[in-house]
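The values are calculated or read from the model by the stated rules, or taken from the named source; none is laboratory data. The shown structure was predicted, so the numbers you read here are calculated from the model rather than taken from an experiment. Every residue, glycine among them, receives a Cβ derived from its backbone with ideal geometry; neighbour counts consider all protein chains shown. To get the accessible areas, we keep the full protein, side chains included, count just its heavy atoms, and leave off ligands, DNA and RNA. Shrake-Rupley method; radii C 1.70, N 1.55, O 1.52, S 1.80 Å.
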Amino acid sequence: MTPEQDAVLRDIQVQLRGPSLAGWPQLGVDAEGRARSLVDGLAAALRRIEDLTAETAELRAQIAELRTEISELEAGAADLADQVQRSQGKSLPWPLSLIEGPVELIVAQLARLEALLAERPPASEQLSLPCRPGERDGSR
């Protein structure tokens, strides 16, 4: 081997294995605490990329599930808001709310009766029936 070939070989070894052929500290250390070579660092980086790819896939699946849950919660919230809006006219508490329908009917009938009474002419304008002999004010 020529001196030039030996220099190239040493240069390649240093590039692959680090200074003093003891690994590159910036590539981290292996399980035994030794600095990694270029090949070891590349292998560790590829393993980490695979791990991150798997974690990313899991996170995307979780995000899809969360989006589904969020849309279901939004639909439920919209239903509740609609129910609240519809029930705002009803102000009676629970036990009294059971009679709310009949009470509304009675109130409507009373309003109708008041309207009919308002249309009735005053008592001074009402016609009086003639009395028969022996009767008072038309009563029998």
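Structure notes:
- Per-residue SASA entry for Ile12, accessible area with 1.4 Å probe, Å² rounded to 10: 90
- Sequence-distant residues sharing a close amide H with Leu27 (under 5 Å, placed H): Arg36
- Accessible area expressed per residue, segment 1-111, with surrounding protein chains retained (probe 1.4 Å, Å²): 84
- Taken about its Cα centre, segment 23-120 carries a charge dipole of roughly 200 debye when the Cβ of each Lys and Arg holds +1 and the Cβ of each Asp and Glu holds -1.
- Karplus-based coupling profile of segment 19-27, in residue order and whole Hz: x, 6, 6, 10, x, 9, x, 5, 8, with θ = phi - 60° in 6.51 cos²θ - 1.76 cosθ + 1.60 and x standing for Gly or Pro.
- Globularity index of segment 10-83 is 2.15 (Cα radius of gyration / 2.2 N^0.38 Å, N = number of residues).
- Apolar share of the accessible surface for segment 1-116: 62 percent from carbon plus sulfur atoms, 1.4 Å probe.
- With DNA, RNA and ligands ignored, accessible area of Thr53 (1.4 Å probe; Å², nearest 10): 90
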